[in-house]
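Engineer: Okay, here's the structure, questions in a sec.
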There are 2 protein chains.
Amino acid sequence: MVRIRRAPDGLPAPDDFELVTEPIPEPGDGEVLFRARYMSVDPAMRRYLPAPAGGPHPLGGTAAVGDVVIAGPPPPTSGYTGGFVGEVLASRHPAWRAGDLVQGGSRWQTHHVVPGDSLVAVPEGGELLHELGVLGQPGFVAWWGVRHVAAVKSGETFVVSAAGGAIGMVAGQLARAAGARVVGIASGEKARYVTEVLGFDACVDRHVEPVADALDRLCPDGIDIYFDNVGADTARACFDRLRDFGRYVVCGMAGEYNAREAETGPPLRPVLRKRLRVEGYVIYDHYDEFPAFRSEVGALLAAGDLRYRYDVRPDLASAPDALARLLQGRNEGKVVVDLGADA
Amino acid sequence: MVRIRRAPDGLPAPDDFELVTEPIPEPGDGEVLFRARYMSVDPAMRRYLPAPAGGPHPLGGTAAVGDVVIAGPPPPTSGYTGGFVGEVLASRHPAWRAGDLVQGGSRWQTHHVVPGDSLVAVPEGGELLHELGVLGQPGFVAWWGVRHVAAVKSGETFVVSAAGGAIGMVAGQLARAAGARVVGIASGEKARYVTEVLGFDACVDRHVEPVADALDRLCPDGIDIYFDNVGADTARACFDRLRDFGRYVVCGMAGEYNAREAETGPPLRPVLRKRLRVEGYVIYDHYDEFPAFRSEVGALLAAGDLRYRYDVRPDLASAPDALARLLQGRNEGKVVVDLGADA
């Protein structure tokens, strides 16, 4: 397991963590022991780390130094997916038996003892990686945001940041399928990937050109929908270019998770004048729609109409670096850690 | 008529305007001459005045020094109400004849020659003042914001600023009729009026207590809906107290119309964390719903379930002062100017 050795100051560094080994506990009544095979690495994990100065965490983090790193909301969170996929080793819960493939867990470790009620079954024939990616929480977040928050209309200009990331890849492709012109914002190789492989109409490469300049060139008539995964300056450049009746979907703000809470955001006068809607959402509120998402996005994937890729890091020891890379945008696709199998 | 003598710097002053008399033009083909009886005074009128330094107006104003003051969007704006109510003197448009009571006009003057298509009929038996107030544009703005943007649910806490103003009076009463607990923000006498006469549950008196402190006392569990008519610090105090799934209705920002465009607004991190929706609207987009508004609010008014009051200023010469009073919150109800009748 990975414990927090000290509170990171800004970007998490390898020395902020330590890999430790502890005996595997026995599951109690109603609990399940499972061995995780893959672990999801998400920008939101940054938010659970403690603040450097102690005291209340500016991002709402609840972990303390010495804790095992938090991967997501603690179980039981009904219907929560994300975290880990793996195989049940022992069960004292009637719904599970050894060998079942499951999704769950909320701490950076290979072996998990959790309430059986907090686990989700991997569907028959399910591809384990997809459960953490395109058919799991990142895909669901993208689908909800595009379908229920953005309300994309054909012919609109849809801009998505972190376009080559776990959520951005799906959001852009779903918006394009809905008839929008899709412009990504990404860096380096990812900017090429989303246009050449995923079929985005264009992509700003943040390493090549200032985002604002590129948007003036690529979206001379402005932006109808900005799907924000990063916050900060990139988001402001998009906000300033929203057209009348524009929507600003606040999905994530990975570029700000290393910083303390910002004091200010964009001005509201344009919200009035341009009739904008700025709306945030948290996917845990919407799990009753998970089956609808699986059905729709699963069909697109099976038909070859949706593409996705994973950036698989080698082992649990690489998890801190994987998180730091992700927060810096140095990932190439959805980041997961391969936890291997027991010898 | 009232002409702009110089561009106001901040709050409009009487010397920024001059009252002049000119010959009344004849209506051309398709046009109507009408004599206005009442003129509406609205905070948005500030936005049409020119900028002091010349150059582009920070609020989008289009008038120049020497122009007659703009009361609202120029005709023909289909379905636009507001501006003036009065009586047709001469018509060269088939829909109108002398003696008809109409609403229209877009400049600060007693006699208006406008396209006949830009006029709206005052309904049979209509009370002229109500056409500019509770059953006119201010009432419509409030109704749309409460019904279609705020989506008030029973038991929610609804806070409205400029609570004793033309829009706030209606917004608060409609929210209360929908089952919300309604807390106003106003100053002095208006704070008492909205609680004692309009039945608001509470009202912050800005002259007595800082808004933030009063909200902590009156809304200890936070705010579900903030209906903004003023912007600036008051809006920020409300934004910071929004609860999960809160809505921030950007209806108007009268407190900021004297200032240049703000560079920043509230931070967006809480929009994500608390799943907020911040949404602006402009009523000119929604005139197809005007009959539904008239029907519903007219019935409430007729049944005595909705109350309203007017702050009637004496003559056209008093219009600049009436606008300045309104922008300072020194009005007591919906501000109108009584233009009298011709001798």
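Engineer: Modelled label-to-label distance, A:Ala202 and B:Arg97, 7 Å Cα→beta-carbon offset: nm?
Structural biologist: The two pseudo-label positions are separated by 5.9 nm.
Engineer: Which residue, A:Trp96, A:Trp143, A:Trp108, tops the fluctuation ranking in a GNM of chain A built on C-alpha contacts under 10 Å?
Structural biologist: A:Trp96
Engineer: Next question. Expressed as a rounded percentage, what relative contact order does chain A have, with Cα pairs under 8 Å and six or more residues apart?
Structural biologist: Numbers: 750 pairs, mean separation 61.5, N = 343.
It rounds to 18 percent for chain A.
Engineer: Need one number: % antiparallel among DSSP beta bridges in the protein assembly as shown, to the nearest 5. Mind showing how you got there, number by number?
Structural biologist: Numbers: 56 of 106 bridges.
Looking only at bridges with both residues in the protein assembly as shown, the antiparallel portion is about 55 percent.
Engineer: For the pair A:Asp240 and B:Ala299, how long in nm is the line joining their label points, each one 7 Å along Cα→Cβ?
Structural biologist: 4.9 nm
Engineer: Here's another thing I want to ask about it. Using Cα-Cα distances under 8 Å and only pairs 6 or more residues apart, what relative contact order does segment B:137-284 have, in percent? Walk me through the intermediate numbers first.
Structural biologist: Working: 287 pairs, mean separation 31.2, N = 148.
Reported as a whole number, the value is 21 percent.
Engineer: Let me ask something additional. Just the number: Rg to Rh for chain A, Cα atoms, Kirkwood Rh, two decimals.
Structural biologist: Values: Rg = 20.1 Å, Rh = 20.6 Å.
Reported Rg/Rh (Cα atoms, Kirkwood Rh): 0.97.
Engineer: Give the accessible surface of the protein assembly as shown per residue, rounded to a whole number of Å², with probe radius 1.4 Å and ligands, DNA and RNA excluded.
Structural biologist: Numbers: 27010 Å² over 686 residues.
Here the residues of the protein assembly as shown average 39 Å² of exposed surface.
Engineer: Tell me, what is the FRET efficiency for B:Arg330 and B:Met1 to the nearest 0.05, using R0 = 30 angstrom and their Cβ-Cβ distance as r?
Structural biologist: Numbers: r = 25 Å, r/R0 = 0.83.
In this case the efficiency is close to 0.75.
Engineer: Could you tell me the accessible area of B:Val114 in Å² (1.4 Å probe, neighbours in place), rounded to the nearest ten?
Structural biologist: 10 Å²
Engineer: In debye to the nearest 20, how big a dipole does the protein assembly as shown give about its Cα centre with +1 on each Lys and Arg Cβ and -1 on each Asp and Glu Cβ? List each step's numbers first, then the result.
Structural biologist: On the way: 70 positive and 90 negative charges, 36 e Å.
For this selection, approximately 180 debye.
Engineer: Then there is this: What's the total accessible area buried between chains A and B, using a 1.4 Å probe, rounded to the nearest 100 Å²?
Structural biologist: Values: alone 14980 and 14990 Å², together 27010 Å².
Chain pair A/B: roughly 3000 Å² of buried accessible area.
Engineer: Ignoring ligands, DNA and RNA, what percent of the 1.4 Å accessible area of the protein assembly as shown is carbon and sulfur?
Structural biologist: Carbon plus sulfur share of accessible area: 49 percent.
Engineer: Taking chain B as the reference, fit the longest principal axis to its C-alpha atoms, fit the long axis of helix B:168-177 to the helix C-alpha atoms, and give the angle between the two in degrees, 0 to 90, nearest 10.
Structural biologist: 50 degrees
Engineer: Using a simple spin-label model with points 7 Å from Cα along the Cα→Cβ vector, what separation in nm is obtained for B:Ala212 and A:Asp15?
Structural biologist: Once both label points are built, they end up 3.8 nm from each other.
Engineer: Report, to the nearest 10°, how far helix A:290-302 tilts away from the longest principal axis of the Cα atoms in chain A, using its own Cα long axis and a range of 0 to 90°.
Structural biologist: 70 degrees
Engineer: If you don't mind, another one. Note the distances from B:Ala202 to each other copy's matching label point, with points 7 Å along the Cα-to-beta-carbon direction, in nm, sorted shortest first.
Structural biologist: Computed spacing set for this position: 5.2 nm.
Engineer: Please report, in Å, the Rg and the Dmax of segment A:137-284, where both are computed over Cα atoms only.
Structural biologist: Here Rg and the maximum Cα pair distance are 13.8, 39 Å.
Engineer: Copy-to-copy spacing for B:Asp29, label 7 Å out on the Cα-to-C-beta vector, in nm, shortest first?
Structural biologist: Values, ascending and in nm: 9.4.
Engineer: For the protein assembly as shown, what are the per-bin percents of Cα-Cα distances with bins 10 Å wide, up to the bin holding the maximum?
Structural biologist: Binned Cα distances yield the sequence 3, 14, 21, 21, 17, 12, 7, 4, 1, 0, 0.
Engineer: Distance cut-off 32 Å, Cα to Cα: go down the list B:Lys153/B:Lys334; A:Lys153/B:Lys153; B:Lys274/B:Lys334 and report the pairs above it.
Structural biologist: B:Lys274/B:Lys334
Engineer: Hey, another quick one. Considering chain B as a Gaussian network with a 10 Å cut-off on Cα pairs, which listed residue, B:Arg247, B:Arg273, B:Arg325, attains the greatest mean-square fluctuation?
Structural biologist: B:Arg273
Engineer: For A:Glu18, what accessible surface area do you get with a 1.4 Å probe? Give it in Å², rounded to 10.
Structural biologist: My reading of the accessible area for A:Glu18 is about 80 Å².
Engineer: Mind grabbing the accessible area of A:Thr21 for me, 1.4 Å probe, Å², rounded to tens?
Structural biologist: 140 Å²
Engineer: Next question, about the same structure. Would you list, by chain and number, the aspartates and glutamates whose Cα falls below 18 Å from the Cα of A:Lys190, excluding same-chain residues fewer than 8 positions away?
Structural biologist: Reachable aspartates and glutamates: A:Asp42, A:Asp201, A:Asp205, A:Glu209, A:Asp228, A:Asp311, A:Glu332.
Engineer: Per-residue ellipticity at 222 nm for chain A, helices alone: DSSP H runs ≥ 4 residues times -39500 (n - 2.57), over residue total, nearest 500 deg cm²/dmol?
Structural biologist: Computed ellipticity for chain A at 222 nm equals -6000 deg cm²/dmol.
The values are calculated or read from the model by the stated rules, or taken from the named source; none is laboratory data. A quick note: this is a predicted structure, and the numbers were derived from the prediction, not measured. Neighbour counts run over all protein chains shown; Cβ positions are idealised from the backbone, glycine included. Note: areas computed on protein heavy atoms with side chains; ligands, DNA, RNA excluded. Shrake-Rupley method; radii C 1.70, N 1.55, O 1.52, S 1.80 Å.
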